[in-house]
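Asks: There's a structure below that I have some questions on.
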There are 4 protein chains.
Amino acid sequence: MRALLVAYTPDGERVVAIAAKMSRSRKGWGYHHQTMTDDEIETWIKDAILHGYWSVLEHSVYTFSIEGISRVASHQLVRHRVASYTQMSHRFAKPVDEYYQPVTPPSAEKRAGELIQRAYEDAYKHYYELLSAGVPEEDARYVLPNAVNTNVVVTMNARELYNFFSLRLCSRAQWEIRAVAWQMLEEVRRVHPRLFKYAGPNCIIHENFVRDEPITLDDVLADRVEFISQRCIEGVPREGIPRCIKKR
Amino acid sequence: MRALLVAYTPDGERVVAIAAKMSRSRKGWGYHHQTMTDDEIETWIKDAILHGYWSVLEHSVYTFSIEGISRVASHQLVRHRVASYTQMSHRFAKPVDEYYQPVTPPSAEKRAGELIQRAYEDAYKHYYELLSAGVPEEDARYVLPNAVNTNVVVTMNARELYNFFSLRLCSRAQWEIRAVAWQMLEEVRRVHPRLFKYAGPNCIIHENFVRDEPITLDDVLADRVEFISQRCIEGVPREGIPRCIKKR
Amino acid sequence: MRALLVAYTPDGERVVAIAAKMSRSRKGWGYHHQTMTDDEIETWIKDAILHGYWSVLEHSVYTFSIEGISRVASHQLVRHRVASYTQMSHRFAKPVDEYYQPVTPPSAEKRAGELIQRAYEDAYKHYYELLSAGVPEEDARYVLPNAVNTNVVVTMNARELYNFFSLRLCSRAQWEIRAVAWQMLEEVRRVHPRLFKYAGPNCIIHENFVRDEPITLDDVLADRVEFISQRCIEGVPREGIPRCIKKR
Amino acid sequence: MRALLVAYTPDGERVVAIAAKMSRSRKGWGYHHQTMTDDEIETWIKDAILHGYWSVLEHSVYTFSIEGISRVASHQLVRHRVASYTQMSHRFAKPVDEYYQPVTPPSAEKRAGELIQRAYEDAYKHYYELLSAGVPEEDARYVLPNAVNTNVVVTMNARELYNFFSLRLCSRAQWEIRAVAWQMLEEVRRVHPRLFKYAGPNCIIHENFVRDEPITLDDVLADRVEFISQRCIEGVPREGIPRCIKKR
């Protein structure tokens, strides 16, 4: 599985910061574009995030090519409605030969590695037989396993990414989509570190809604903070939250 | 497969008509609610639809329970983003025993009935073995076939239903989601016939955008009209469109 | 100003509870509809809200007729994008004679009552002169004050209402849209008290994300709780939050 | 009034074309990125648009700074819900002195130029008096005219732009938002001519849904085509459509 960042708003951090400032200013884009310093960019972004002024984050947008995920994961992915998707269609693109790469869950790999490979091989055999019997591709695929690999091009803005991360980085999320989310986070932090500084699972997002000094994912991983939350929204009590985050 | 209408805006046709009228009027809801006649309701609805004033249709909303569809179909269904979904989770609800009812495509039933049943049985056996080997449900399901049955509660407003129908009633749509769409259409036409009078596949919707006298699905089924469209958006030429619609 | 609830999902609380339960169950709508008790409805709703399982709230939908608000308020209202709007158009419905009822802010009423009435009269006079000079309605309205009254039909689902309330019940919200929000809250609590039990401004919503025992607006108004939040998202420190809420 | 394109997806046409191709292909982004020719880009875009495969257009995104429009126009603009907005707030940014630049409709300029300027001056005077009387800015602005100028940062993807243009380039649209739409069209055609080749008012969009050979705005302006539509969706008969478009 790979989640590649293939396009994004150039200078998106500046775009977000200027938009935020323009809501308070009477001057136009040209003026702010010329005068805004790097420090200001950081300040406007931080302020927007910590005071729940999320809408300005929508002006920076990211396109990913997510390749080799199962249809278990893709079905969950496309449930995020504030995003754009283009998915490889098994009606038109037959997953045969080297293109049949069903995803194996680590838990199954460990406990029943041969078993699950046999299941995938049997499914493939049946798929092939149906095709040979003249069943159209779009119907033969009914016997393919949920694990079957697919590719999805996804476009999300920074606000929706924050929301996506809050739900899918959480250790309660299903392992595969969680892995996708962590890769996506790494990709966007690489190009826009200031914009995604406060991204994290819901326990961190919600903590920052109610505390004076904001915390980051890195703070938690380095054991630099104590939560004031009594529990996370999933019900994990205060003491358990950092351990839960570190599970990744 | 069943698509049951389980809730909807009471008197939704009147709600839509009043909203449409209020955009042109200075009087309030109370006045229009008391004075609007049945004829007026019909006129305001028809006018809104035929002049592309679609937004008023959003005020009438419908909830369906769609039961016993495959994850092939549910994956397509949830791609419609202007809607609300609650789906039976295979992480928590194991599709075993009488609850394992994978969907069989008619094309496979006819050409390879035994073959596909064997495929479904093999998948089930493998699924069971993985569970027995201690693989968690959420991972064991990777070997379940795409055909595996699921239930989804769906809420859509009348405008989005028009859009959903335009895409999914079309004979180019995949057979299972097309069957769902036709059932949904029957359900809503039963309760709000005036609101869904002009619903149909895109060939009909687009034809009505460009012609003087609007046509309905029933007109086409009864051979009462000739299209002025040279082709439908999918590329079917004028002469072929009615036959294409009748295929259902 | 009036915010009237004119349509809503009948038995919407049951609809939400059944949808929530169906995500964990293998049985269909019919079964749950027959067997779900009132206690269960309350439990499923509470659980959904307190664990951030918000999407099920989308299945219950509400239509309001909001009448006699200014275009200052309507411009803010329509910024909530997950909703449906039909607005009285000043291109087609002239706000003249008894239909010209510009909204007076209480702060102006108190400090400069005559002044503001004169401003509204002058604007009206200019509007009328422009119409008399043959300027089309859609252009003459450029001189009407932002205060000019309008009507909007709004449809929102329960999830979006929670979001709308969280932002607009807050004492930092502009007074007129805040007054609209409080009226809307009263309307929906009247028909679906269990569904809106935990609705409130963001300070309450965020507090409930992080605490063991949930609190309600009524708890705060009755001084029954202490916040664990160090600050609300707007920056009000813990001690000030209850007073801020009571300002209403 | 100015509508400036301030950010957009770099190489957005290629992004859209690759996404479209990937829905039919088993290969990943890297392969297509290396192998796709300029001719292919054009073909995939054209095919997507002419067969209603609009969703791929969502992967190319545009941010505009729209400056100096009236609140009449901004109120209409923000009704397009599939977009992101950050608006200059009159709660925080006082439109005084050189920043008070209310928009004058051409029809009023011509027929009642002095009258409307007086109206704007009177309103300004009243606004100032209210501020002097201690009325807060957010309330004093109730007497400002609808014409008062504002700035909005807007982000829309190419699909939503097509929709926005279809409604707002139309001669039935209100003159000011129409002027904004034409400027936005020029901006995006400058950077992505292939992607916006078929953009236009609804008469052109709908015509292309039903005809064999697609037409463009330029074709109509150059009198190179005859419509097969009997009427546009607004009711203009076939013969009148080109003239209507040329009005601009």
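Readers should treat all values here as calculations from the given coordinates under stated rules, not as data from a laboratory. Bear in mind that the values here come from a model prediction, so they are computed numbers and not experimental data. Cβ atoms come from the backbone with ideal geometry, glycine included; neighbour counts cover every protein chain shown.
Asks: When each copy gets a label point 7 Å from Cα toward the beta-carbon at D:ASP47, what are the spacings between them in nm, shortest first?
Replies: The projected label point of D:ASP47 is separated from its counterparts by 4.4, 4.8, 4.9 nm.
Asks: Please report, in Å, the Rg and the Dmax of the stretch C:113-248, where both are computed over Cα atoms only.
Replies: Cα-based Rg and Dmax for the stretch C:113-248 come out at 20.5, 66 Å.
Asks: Can you give me the Kirkwood hydrodynamic radius for the stretch D:97-147, using every pair of distinct Cα atoms, in Å to one decimal?
Replies: Values: mean 1/r = 0.0858 Å⁻¹.
About 11.7 Å for the stretch D:97-147.
Asks: Moving on to the next point. Can you pull out the chymotrypsin sites (Phe, Trp or Tyr not before Pro) in the stretch C:43-145 that DSSP calls coil and that have at most 14 other Cβ atoms within 10 Å?
Replies: Values: sites: C:TRP44, C:TYR53, C:TRP54, C:TYR62, C:PHE64, C:TYR85, C:PHE92, C:TYR99, C:TYR100, C:TYR120, C:TYR124, C:TYR127, C:TYR128, C:TYR142; in loops: C:TYR53, C:PHE92, C:TYR100.
Here the sparse-neighbourhood loop sites are C:PHE92.
Asks: Once you've got the GNM for chain A with C-alpha springs shorter than 10 Å, pick whichever of A:ARG118, A:ARG141, A:ARG231 has the biggest mean-square fluctuation.
Replies: In the Gaussian network model the winner is A:ARG118.
Asks: For C:HIS51 and C:HIS33, compute 0.36 nm times the residue count separating them, minus their Cα-Cα distance, and round to one decimal in nm. Could you put the intermediate results ahead of the total?
Replies: Numbers: separation 18, 0.36 × 18 = 6.48 nm, distance 2.34 nm.
Stretched fully, the C:HIS51-C:HIS33 segment lengthens by 4.1 nm.
Asks: If you don't mind, there's one more thing I want to ask. Considering only the label points, 7 Å along Cα→Cβ from Cα, what distances in nm to one decimal separate B:PRO193 from the same position in each other copy, shortest first?
Replies: Here B:PRO193 shows inter-copy label distances of 4.1, 5.5, 6.8 nm.
Asks: Also: Looking at the square roots a ≥ b ≥ c of the eigenvalues of the Cα gyration tensor of the stretch D:69-192, which shape do they give, rounded for a/c under 1.5, prolate if a/b is larger than b/c, or oblate? Mind showing how you got there, number by number?
Replies: Details: a/c = 2.84, a/b = 1.63, b/c = 1.74.
Note, shape of the stretch D:69-192 comes out oblate.
Asks: Per DSSP H run of n ≥ 4, the term is -39500 (n - 2.57); total these for chain B, divide by its residue number, and report the mean residue ellipticity at 222 nm rounded to 500 deg cm²/dmol. Provide the component values of the computation, followed by the final result.
Replies: Working: 11 runs with 118 residues, N = 248.
My calculation for chain B gives -14500 deg cm²/dmol from helical runs alone.
Asks: Which percent of Cα-Cα pairs in the stretch B:1-116 sits in each 5 Å bin, short to long?
Replies: 2, 9, 14, 14, 12, 11, 9, 8, 8, 7, 4, 2, 1, 0
Asks: Quick one: net charge around A:ARG2, please, counting Lys, Arg +1 and Asp, Glu -1 for every other residue with C-beta under 12 Å from its C-beta.
Replies: Values: positive: none; negative: A:GLU67, A:GLU186, A:GLU187.
Net charge around A:ARG2: -3.
Asks: For the stretch A:201-247, what class follows from the C-alpha gyration tensor (a ≥ b ≥ c being the square roots of its eigenvalues): rounded when a/c is under 1.5, otherwise prolate if a/b is larger than b/c, else oblate? Intermediate results must be reported in sequence, preceding the final value.
Replies: Numbers: a/c = 1.57, a/b = 1.04, b/c = 1.51.
The shape class here is oblate.
Asks: Follow-up question, since we're still on this one. Total Lys pairs in chain D closer than 21 Å by alpha-carbon, pairs eight or more apart in sequence or interchain only? It would help to have the intermediate numbers written out before the result.
Replies: Details: D:LYS21/D:LYS46; D:LYS21/D:LYS197; D:LYS46/D:LYS197; D:LYS94/D:LYS125; D:LYS110/D:LYS247; D:LYS197/D:LYS246; D:LYS197/D:LYS247.
Within chain D, the lysine pair count is 7.
Asks: Which of rounded, prolate or oblate describes chain A when judged by the alpha-carbon gyration tensor and an a/c cut-off of 1.5? Walk me through the intermediate numbers first.
Replies: Numbers: a/c = 3.25, a/b = 1.68, b/c = 1.94.
Judged from the Cα gyration tensor, chain A comes out oblate (a/c at least 1.5, b/c at or above a/b).
Asks: Between B:ARG24 and B:THR43, what length in nm is gained on full extension when 0.36 nm per residue of separation is reduced by their alpha carbon distance? Can you show the working numbers first?
Replies: Values: separation 19, 0.36 × 19 = 6.84 nm, distance 1.41 nm.
So the chain would gain 5.4 nm between B:ARG24 and B:THR43.
Asks: Let me ask something else. For the protein assembly as shown, what is Rg from Cα atoms divided by 2.2 N^0.38 Å, rounded to two decimals?
Replies: Values: Rg = 28.4 Å, N = 992, 2.2 N^0.38 = 30.3 Å.
So the protein assembly as shown has a normalised radius of gyration of 0.94.
Asks: What gaps in nm, shortest first, separate B:PRO214 from its twins in the other copies when you place the label 7 Å past Cα toward the beta carbon?
Replies: Taking the point 7 Å beyond Cα along Cα→Cβ, the inter-copy spacings are 2.8, 4.3, 5.0 nm.
Asks: Now, a different point. Just how far, in whole angstrom, is the stretch B:98-164 from the stretch D:152-217 if you go by their alpha carbon centroids?
Replies: 43
Asks: Given a 10 angstrom Cα cut-off, can you work out which residue in A:ALA20, A:ALA199, A:ALA123 is the most mobile in a GNM of chain A?
Replies: Comparing A:ALA20, A:ALA199, A:ALA123 in a Gaussian network model of chain A, the most mobile one is A:ALA123.
Asks: Here's another thing I want to ask about it. How far, in whole Å, is the nearest Cβ of chain C from the axis relating it by rotation to chain B, and which residue carries it?
Replies: C:VAL61, 2
Asks: So if I place +1 on the C-beta of Lys and Arg and -1 on the C-beta of Asp and Glu, and nothing else carries charge, what would the dipole magnitude of chain C be about its Cα centre? I want it in debye, nearest 20.
Replies: On the way: 33 positive and 32 negative charges, 102 e Å.
That gives a dipole near 480 debye.
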